[in-house]
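What follows is a set of notes on a single structure, which appears directly below.
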Amino acid sequence: MKLPSPRLPSWLLNGLFALLCLAILFFLWRAPKESTRPLPRDDNHRPFQDMDKKEAERSCLDCHGPERMAPLPGDHPPPFRCLFCHKRGR
């Protein structure tokens, strides 16, 4: 003989789901504003505005590599996903 499995009332499950949704919404509402500078819209960066993202990122270290024209600061994250943070202007 099988015993019935205990089930939580549906109103309780719905309430817990609603609380979870509110917690996620609150977390997202309190998230900081985007603080990373966008990709500049100057002559040096213009070719990369419409280029494929991965193709454009391969060229970043040509100018921003160590001992180049505009090297990245020492505390900069690894420079492999430049356009993940530095959005292209539209």
Fewest-first ordering of Arg88, Arg41, Arg30 by Cβ atoms within 10 Å yields Arg30, Arg41, Arg88
Return the lysines within reach of Lys54: Cα separation strictly under 26 angstrom, same-chain partners fewer than 8 residues apart disregarded; answer none if there are no such residues.
-> Lys33, Lys87
Size of charge dipole - the chain - debye, nearest 20, with Cβ of Lys, Arg +1 and Asp, Glu -1, no other charges | 560 debye
To one decimal place, what orientation-averaged projected area in nm² is obtained for the convex hull of the Cα set of the chain?
-> 11.9 nm²
Residue-wise HN-Hα coupling along region 32-40, computed from phi with Karplus coefficients 6.51, -1.76, 1.60 (Hz; x: Gly, Pro) | x, 5, 5, 10, 7, 5, x, 4, x
Evaluate E = 1/(1 + (r/R0)^6) for Leu16 and Leu83, where r is the Cβ-Cβ distance and R0 equals 25 Å; express this FRET efficiency to the nearest 0.05.
-> 0.05
Spin-label zone in region 8-40 - amide nitrogen under 18 Å from a point set 7 Å from the Cα of His64 along the C-beta vector | 34-40
Per DSSP, the loop-located GluC sites (Glu not before Pro) within the chain having at most 10 other beta carbons within 10 Å are Glu34, Glu67
Only Cα pairs under 8 Å and at least 6 apart count here; give the relative contact order of the chain as a rounded whole percent.
-> 33 percent
If one compares the long axis through the Cα atoms of helix 10-29 with the longest principal axis of the Cα atoms of the chain, the angle in degrees, nearest 10, works out at 20 degrees
Over every pair of different alpha-carbon atoms in region 46-85, take the mean of 1/r and invert it; report that Kirkwood radius in Å.
-> 10.7 Å
Percent of Cα-Cα pairs per 10 Å bin, from 0 to the last occupied bin, for region 9-56, please list those.
-> 20, 22, 16, 19, 14, 7, 0
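Bear in mind these aren't lab numbers, they're just calculated from the coordinates by the rules spelled out. All values reported here derive from a predicted model rather than from experimental measurement. Neighbour counts are summed over all protein chains in view; Cβ atoms, including those assigned to glycine, are modelled from backbone coordinates with ideal geometry.
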